Amino acid sequence: MTKITILVLRRQLLSVIFATLLLFPACSTDENSNIPLVEVNFQYNINLPQYIDLQTIGGSVEVFGGSRGIILYRSSSDEIKAYDRHCPFQPSNTCGLVSADPNRFTGTDNCCGSGFLLSTGDVSNPPANLGLKEYAANFNDPMLTVTN
């Protein structure tokens, strides 16, 4: 190999390394890092009248807490999910608020139109490309503890 060939190969290798380093921060492990981090530590007795919809699988209730409120969703007989209502699409937009749909399986942000599956928090309808921020929900019937 000539000196020129070696220099060209080195330059190409450095370009690849540099490009890789530029892209690496985009691969964040916290998919919802765009939602403000706020302390969440609540308990709910789902036998109380205001939580009656959580008695049925597919039922949901919107409560205070989190960044812009929390959706509690009964996904099975022994599990309740808790999602922040703050839409992950353009999170600085103050109208971005996800509400549970009447169909009992999805939530929609009426501002941008993004849709989310309440069973997983995943995006069901763009423009959002990140799912809802989920909080830890420990269900010991009738008590539900939601934390982060």
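Each value in this text was obtained by applying a stated rule to the coordinates, not by laboratory testing. In this text the structure is predicted, and so the values were computed from the model without any measurement. Counting neighbours? That spans all protein chains shown, and the Cβs are built from the backbone with ideal geometry, glycine included.
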- Message: Sort 63-74, 120-131, 35-46 by packing, meaning the average of other beta carbons within 10 Å per residue, with the highest value first.
- Response: 63-74, 120-131, 35-46
- Query: Per residue, how much space in cubic angstrom lies within the convex hull of the C-alpha atoms of segment 41-147?
  - Reply: 85
- Collect residues whose amide H, placed 1.01 Å from N in the peptide plane, falls under 5 Å from the amide H of Ser124; neighbours closer than 5 in sequence don't count. Gly115, Phe116, Leu117
- Task: Report the full-extension gain for the segment Thr145 to Asp78: residue separation times 0.36 nm, less the Cα-Cα distance, to one decimal in nm.
- Result: 22.8 nm
- Query: What are the ³J(HN,Hα) values, in whole Hz, obtained from phi via the Karplus relation 6.51 cos²θ - 1.76 cosθ + 1.60 with θ = phi - 60°, for each residue of segment 70-83 in sequence order, with x given for Gly and Pro?
  - Reply: 10, 9, 9, 10, 7, 8, 7, 5, 10, 9, 10, 8, 9, 10
